[in-house]
Amino acid sequence: MTQDDEAHFTLPGFLGRLGPISHSGCADMNRGRATNVYSNLGAITLLIVLFSIACTQARPPSPSPSVDIEATVAARLQEERAKSLTPTLQREQVDEASVVSRVIPSVVRLSSGKGMGSGVVVDKGLILTNRHVVSDTQILTVKTANGRDYQARVVARDQTFDLALLQFSGLDVPNLALGDPGQFRLGDPLIAIGYPLDLKGEATVTRGLLSALRVGEPASGEWVQTDAAVNPGNSGGPLVNMRGELAGLVTMATKWDNYTPVEGVNFALSAGIIRDILPAMRLAVGQMPPGTSLASEEVAREVTQLIMQIDDVKMEAYRSGDPSPMKHLVSPVYYELFASRFKRPPTAARIESKMVDFQVRAVYVLPGDVAIADDFEVWQTK
């Protein structure tokens, strides 16, 4: 792929293959490690207890000292109360202004002849934003937090999740780390940063809560729902947690529902989806995360066989009209997306799709034992 080429990625080319390869295996491995740690700790604790009992039994009895029971109980209650309050106090002492000042250099204003929006630097020379922000534009103007202008080129688009990747040079700003959805909690404070309404000057900062984590609504994928205020121009900007990590990419706001005004129901594409799809988009510019390597022949062969198996099941699903055999092969998010294609009126014509060309160009292994395939497929649909 040349540098001038623009890549278009879709979910069937990526997420469906990663689901069964990486996540469950990593989870099992982590559970195993945790079990070993706790079992060892339990053994040590048991030895200490037994040793203490043995020493106590070996000592001659001593006179019981007088004890102030009320004072002892009060002291223990105060100690337990202090333990329970400490985490709460630590959370309340987080300086939101410090989080914003650390994140804001990574947030940029994007503009073209057709629209405007926000973006976030996810790696050196790479900006992630929404596809609807860039539309069909190839070159956009990037304005950074310090007011300087740069030119960026769209190198990859993903229609499924409304994502676009831009490449630029001449600017070295920190990239924003991706949060772990497994650590998200309902009620967590979140901060939205962006350039709504194309207001001049510095970025706008709003605050809200993590209202819900939703899969399949308001669109395909996993979404972080928040009541942080967002407006046109916030699209493509970050929704960050109090650790300064990207919790989601602001994508849409609900203003009306059946002619009824709606407030505080806004959505950001989850960092989990971004973490899965971003490596595939980075292939367009030949960039991969540090520690990435070409897969061994054995791993490449296994990944290729898995892709072929998924494609075979996919073709059978299109032939029979039943997507359920895909469920055990792919991630829940991808299955929900795939199955949604079969939800059509009974009178509608059945989709028939057949793969007519297939080639795996390369297989890479990313940190965390995640495999990604650069493959070429041609499907014929009628």
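The values are calculated or read from the model by the stated rules, or taken from the named source; none is laboratory data. All figures in this text were calculated on a predicted structure; none of them were measured in a lab. In this analysis, Cβ positions are derived from the backbone assuming ideal geometry, glycine residues included, and neighbour counts consider all displayed protein chains.
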- Task: Return the total of residues in the stretch 179-203 being in contact with a strand residue (DSSP E or B) (Cβ under 6 Å, 6 or more places away or on another chain) and assigned to a helix (DSSP H, G or I).
- Result: 3
- Item | Number of the exception - Met252 against (1) hydrophobic (A, V, I, L, M, F, W, C); (2) assigned to a helix (DSSP H, G or I); (3) crowded, with 16+ Cβ neighbours inside 10 Å | (2)
- Note on the structure: Listed by first then second residue, the pairs whose first member lies in the stretch 292-313 and is over 19 Å from Met355 (Cβ atoms), whose partner is part of a helix (DSSP H, G or I) and β-branched (Val, Ile, Thr), with beta carbons under 9 Å and at least 6 positions apart or on separate chains, are Ala295/Val303; Glu302/Ile21
- Message: Contact list please: Cβ distance under 7 Å, first residue in the stretch 184-203 and without any contact (Cβ under 8 Å) to a residue 24 or more places away in the chain, second residue outside any helix (DSSP H, G or I), pairs at least six apart or on different chains.
- Response: Gly187/Leu209; Gly187/Leu210
- For the stretch 293-339, enumerate the residues that are of a type in the set (S, T, N, Q) and closer than 20 Å to Ile372 by Cα. Ser293, Ser296, Thr304, Gln305, Gln309, Ser331
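Restricting the search to the stretch 307-316, which residues are crowded, with 16+ Cβ neighbours inside 10 Å and in contact with a strand residue (DSSP E or B) (Cβ under 9 Å, 6 or more places away or on another chain)?
Taking the stretch 307-316 as the starting set, the residues that turn out to be crowded, with 16+ Cβ neighbours inside 10 Å are 307, 310-311, 313-314.
Scanning the stretch 307-316 gives Ile307, Asp311, Lys314.
If I ask for residues that are among the hydrophobic types (A, V, I, L, M, F, W, C) and loosely packed, with under 15 Cβ neighbours inside 10 Å, which ones from the stretch 360-379 would you list? Show your work before the answer.
Restricting attention to the stretch 360-379, the residues satisfying the condition of being among the hydrophobic types (A, V, I, L, M, F, W, C) are 360, 362-363, 365-366, 370-373, 376, 378-379.
Ala362, Phe376, Val378, listed by residue number.
For the structure I just gave you, tell me whether Ala247 is surrounded by 14 or more Cβ atoms within 10 Å (Cβ to Cβ), modelled with pLDDT of 90 or more and in a loop (DSSP other than H, G, I, E, B). Working first, answer last.
Details: surrounded by 14 or more Cβ atoms within 10 Å (Cβ to Cβ): yes; modelled with pLDDT of 90 or more: yes; in a loop (DSSP other than H, G, I, E, B): no.
Answer is no for this residue.
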- Message: Can you tell me which of (1) over 21 Å from the mean Cα position of the chain (by Cα); (2) not in a helix (DSSP H, G or I) is the one Met288 doesn't meet?
- Response: (1)
- Give the stretch 291-306 a look and list any residue that's assigned to a helix (DSSP H, G or I) and closer than 14 Å to Tyr364 by Cα, or say none. Glu297, Glu298, Val299, Ala300, Arg301, Glu302, Val303, Thr304
- Please go through the stretch 323-352 and pick out each residue that is surrounded by fewer than 12 Cβ atoms within 10 Å (Cβ to Cβ) and at pLDDT below 75. Lys343, Pro345, Pro346, Thr347, Ala348, Ala349, Arg350
